[in-house]
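Notes follow once the structure below has been shown.
Laboratory data are not the source of any read-out in this text; all were calculated from the coordinates shown. Bear in mind the structure is a predicted one, so any value in this text is a computation, not a measurement. Here Cβ is always computed from backbone atoms with ideal geometry, including for glycine, and neighbour counts include all displayed protein chains.
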Amino acid sequence: MKELFRDHFRDYVTSNLRLNFDSVNDVQRSKYMAMFYAEKVIRCLNPALIPTTEEELAACVVDGSDDCGVDFLSREGNTVLMLQAKFSGHKKAGKKGTEDPERFDYFCSVLTRLYAGPKKFKMNQKVKEARAEIDWDRDSFILHYITLAQPAQNSRNQARQGVHPVTDIPDLVDRVGLELLDEQELNKSLRDALSVKEESSATAKVLFSQDEGQPPWLRFEDSLGRVSYVGRISGSQIAEIFRANRSSIFSLNIRNYIGDNLTNRGSRRRP
């Protein structure tokens with residue numbers, strides 16, 4: 001049976017938070033959904049983005065009055081992670097309802113509000129403290145908007161265009177990755193995270209490309225007896241290894257993919 005984000009989230013609220021899921025309203029569920037996504041999905045796929053202790057993780061939940069449109073805000077190293085979650089009720093027969101596009105558009109302008117600061121926008125204490133840690137000149141930003149409703153088509157278009165620019169920081173958009181994830185995409189992300197958590201001894205076959213008159217690889221051994229090999233492999237082989245292993249091949253790599261930012265989109269367009 002395929003793992004479903006909605007079902008695992010419900011179990012998380014019941015087991016981890018010790019709350020009756022049916023007694024929690026949708027606003028509270030959205031708050032807990034952001035925490036669940038951070039702890040159970042992102043922490044597995046990109047652990048360097050999430051605090052290591054549960055106390056620090058809980059402190060990153062800034063949802064509430066005057067939260068500036070963000071539920072979860074953390075800064076690890078020089079990467080700022082912002083999450084906004086929207087929970088929709090249980091599935092009903094027929095087509096899933098479409099979400100109001102203004103909700104996602106408001107999230108796309110969160111950086112402009114945070115940069116402007118509390119002198120211009122109301123901010124609760126947690127948001128103020130998190131904002132004070134941001135280095136606007138150097139930090140990279142990962143923004144994930146997750147929803148169990150059907151995103152509007154113009155929200156998809158907005159996600160491709162990216163966040164609203166901050167006039168005073170023209171290069172900021174180059175350092176921002178924006179993702180809009182619906183229920184189907186959340187299901188895939190959860191399954192990916194669960195596969196990373198499962199201990200596996202599977203191996204991947206690598207065929208190094210040869211240079212004429214040169215060995216196909218270089219072998220290195222350190223003082224502890226650990227052996228490394230350096231060589232070249234084709235892009236098609238890398239794609240095949242990823243299709244077979246997904247994110248498990250990156251589980252110990254703290255420099256994981258940081259989102260669909262302008263630099264990555266430009267790289268895809270180059271021949």
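Observations on the structure shown:
- ASP137 touching a residue at least 60 places away in the same chain (Cβ under 8 Å) and closer than 26 Å to PRO47 by Cα: no
- Unique match (being touching a strand residue (DSSP E or B) at 6+ places or on another chain (Cβ under 9 Å) and of a type in the set (S, T, N, Q)) among ASN25, ASN46: ASN46
- Test: TYR115 is in contact with an Asp or Glu (Cβ under 8 Å, 6 or more places away or on another chain) and in contact (Cβ under 8 Å) with a residue 12 or more places away in the chain: yes
- Of all residues in region 141-169, those satisfying the criterion of being buried (at least 17 other Cβ atoms within 10 Å of the Cβ) and hydroxyl-bearing (Ser, Thr, Tyr) are TYR145, THR147, SER155.
- Residues satisfying the stated conditions in region 47-60, i.e. under 17 Å from the mean Cα position of the chain (by Cα) and either touching a residue at least 60 places away in the same chain (Cβ under 8 Å) or at positive phi (or both): PRO47, ALA48, LEU49, CYS60
- Test: residue in region 147-155 that is more than 26 Å from PHE9 (Cβ to Cβ) and over 15 Å from the mean Cα position of the chain (by Cα): yes
- Leading residue by the ranking (surrounded by the most Cβ atoms within 10 Å (Cβ to Cβ)) among those in region 118-134 that are more than 14 Å from LEU73 (Cα to Cα) and either in contact (Cβ under 8 Å) with a residue 24 or more places away in the chain or among the aliphatic types (A, V, I, L, M) (or both): PHE121
- Between CYS68, CYS44, the distinction of being surrounded by 19 or more Cβ atoms within 10 Å (Cβ to Cβ), on the phi > 0 side of the Ramachandran plot, in contact (Cβ under 8 Å) with a residue 24 or more places away in the chain and not aliphatic (A, V, I, L, M) belongs to CYS68 only.
- Single match in SER30, SER65 (criterion: assigned to a loop (DSSP other than H, G, I, E, B) and among the hydroxyl-bearing types (Ser, Thr, Tyr)): SER65
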